Amino acid sequence: MFKIRKATLVDIHVIRRLASIVFPATYKEILSPEQLNYMMDWMYSAESLQKQMTEEGHIYYLAFKDGKPAGYFSIQPEGEHVFHLQKIYVLPFFQGMKLGKFLFEQAIKAIKELHPEPCQMRLNVNRQNKALGFYQKMGMTKVDEGDFPIGNGYFMNDYIMGLDI
């Protein structure tokens, strides 16, 4: 059984360790090694994570199995009635154990605790990411798409998915 808890600044090293495994595994067939390295630094440097958590409103949650970190997600308020599921990742070893579904459901629960009124949860997913089917299975639909510049000449080529909750 998986357990989940809200992350704090003390957990930045745990998030970074998880990301160093799961992010390259997720995107190795989609992104160049150079873009992977750039994005890892851009999103997962200690400084970036601290800024996300203290200035940008990201709330991270960590999942554990038998005391070992197994995955994470983060949510961020994006508007009056919109929350963004910024990140949701499961370590390869724990994939296929329904942890992704558990994290997704926990993200909805966390949003409802912060915002009891009806709202929408959105997320960006790379158009080539095989997780697209998972998000559709969870009830999300495509609401938009775009090519978003992230610096250094790189773009995130994403669908924006939405789910009314």
_the stretch 57-79 - residue that is outside any strand (DSSP E or B) and without any contact (Cβ under 8 Å) to a residue 12 or more places away in the chain and, of those, surrounded by the most Cβ atoms within 10 Å (Cβ to Cβ)_ = D66
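Would you check which residues across the stretch 77-95 are closer than 18 Å to R122 by Cα and either within 10 Å of the chain's Cα centre (by Cα) or aliphatic (A, V, I, L, M) (or both) and list them?
The answer is V82, H84, L85, Q86, K87, I88, Y89.
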*Restricting attention to the stretch 1-28, report how many residues are part of a helix (DSSP H, G or I) and either of a type outside the set (A, V, I, L, M, F, W, C) or at positive phi (or both).*
8
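Of the residues K51, K98, which is modelled with pLDDT of 95 or more, of a type in the set (D, E, K, R) and at positive phi?
K98
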*Pairs where the first residue, in the stretch 100-117, is over 12 Å from P77 (Cα atoms) and in contact (Cβ under 8 Å) with a residue 40 or more places away in the chain and the second is surrounded by 13 or more Cβ atoms within 10 Å (Cβ to Cβ) and of a type outside the set (A, V, I, L, M, F, W, C), C-beta under 7 Å, 6+ apart*: L103/G71; Q106/Y61
*Any idea how many residues of the stretch 83-126 are under 15 Å from Y61 (Cβ atoms) and either of a type in the set (G, A, S) or in a strand (DSSP E or B) (or both)?*
13
*Subset of the stretch 12-44 that is under 16 Å from the mean Cα position of the chain (by Cα) and farther than 25 Å from T54 by Cα - its residue that is surrounded by the most Cβ atoms within 10 Å (Cβ to Cβ)*: T26
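The values are calculated or read from the model by the stated rules, or taken from the named source; none is laboratory data. Only a predicted model underlies this, so the values are computations on that prediction, with no experimental measurement involved. Note: ideal-geometry Cβ built from the backbone for every residue, glycine included; neighbour counts use all protein chains shown.
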